[in-house]
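Participant: To start, I am sharing the structure in question, which I have written as structure tokens.
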Amino acid sequence: MSVDKNFTNLKGLSFLICTMNKSDNRLSKSVTIINDLGLHARSAAQIAKLAQNVKSKVWIIKDGKKVDAASIIDILTLACAKGSKITLKIDDQSDLDILDNIAKLIESGFGE
């Protein structure tokens, strides 16, 4: 994100207006859980295995909650049932292939 402007409101509190850079859009993907069992332990393990190969971090975001995709337990705390919409996000552009592979895994229903 980039900081566009620093503003002060009527009560004297400062706040920042931030926008996404166009390059940031490439660092995330939105996907929907399609398999009947949702995102369970076996599928979370598949994601975590891929996420452990990144140079930086892979995040999974659902309903504003952001967890480390390399952690099976963290992934399970999101309680993603079939139909859940999640966002995958990477911190480093060099991890785009892994982001794509995780997205493809989810979109395929984890091979189930």
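Participant: Is it fair to say Ala44 is out of contact with any strand residue (DSSP E or B) (no Cβ under 6 Å at 6 or more places or on another chain) and surrounded by 14 or more Cβ atoms within 10 Å (Cβ to Cβ)?
Facilitator: Yes.
Participant: Oh, and also: In the stretch 84-101, which residue that is touching a residue at least 60 places away in the same chain (Cβ under 8 Å) and within 11 Å of the chain's Cα centre (by Cα) is surrounded by the fewest Cβ atoms within 10 Å (Cβ to Cβ)?
Facilitator: Looking at the filtered set, the residue picked out is Asp91.
Participant: Same structure, new question: Counting only residues that are of a type in the set (Gly, Ala, Ser) and more than 17 Å from Ala103 (Cβ to Cβ), which one in the stretch 59-83 is surrounded by the most Cβ atoms within 10 Å (Cβ to Cβ)?
Facilitator: If we take residues in the stretch 59-83 being of a type in the set (Gly, Ala, Ser) and more than 17 Å from Ala103 (Cβ to Cβ), then Ser71 is surrounded by the most Cβ atoms within 10 Å (Cβ to Cβ).
Participant: For Ser56, which of the numbered conditions (1) surrounded by 15 or more Cβ atoms within 10 Å (Cβ to Cβ); (2) at pLDDT below 95; (3) under 15 Å from the mean Cα position of the chain (by Cα) fails to hold?
Facilitator: Result: Ser56 passes all but (1).
Participant: Return a yes/no flag: does the stretch 87-109 have any residue that is within 16 Å of Gly38 (Cβ to Cβ) and part of a loop (DSSP other than H, G, I, E, B).
Facilitator: Yes, that holds for at least one residue.
Participant: Identify, please: which residue in the stretch 4-52 is β-branched (Val, Ile, Thr) and either touching a Gly at 6+ places or on another chain (Cβ under 9 Å) or part of a strand (DSSP E or B) (or both) and is, among those, modelled with the lowest pLDDT?
Facilitator: Thr19
The values are calculated or read from the model by the stated rules, or taken from the named source; none is laboratory data. Bear in mind the structure is a predicted one, so any value in this text is a computation, not a measurement. Glycine gets a Cβ as well: all are built from the backbone with ideal geometry, and neighbour counts include every protein chain shown.
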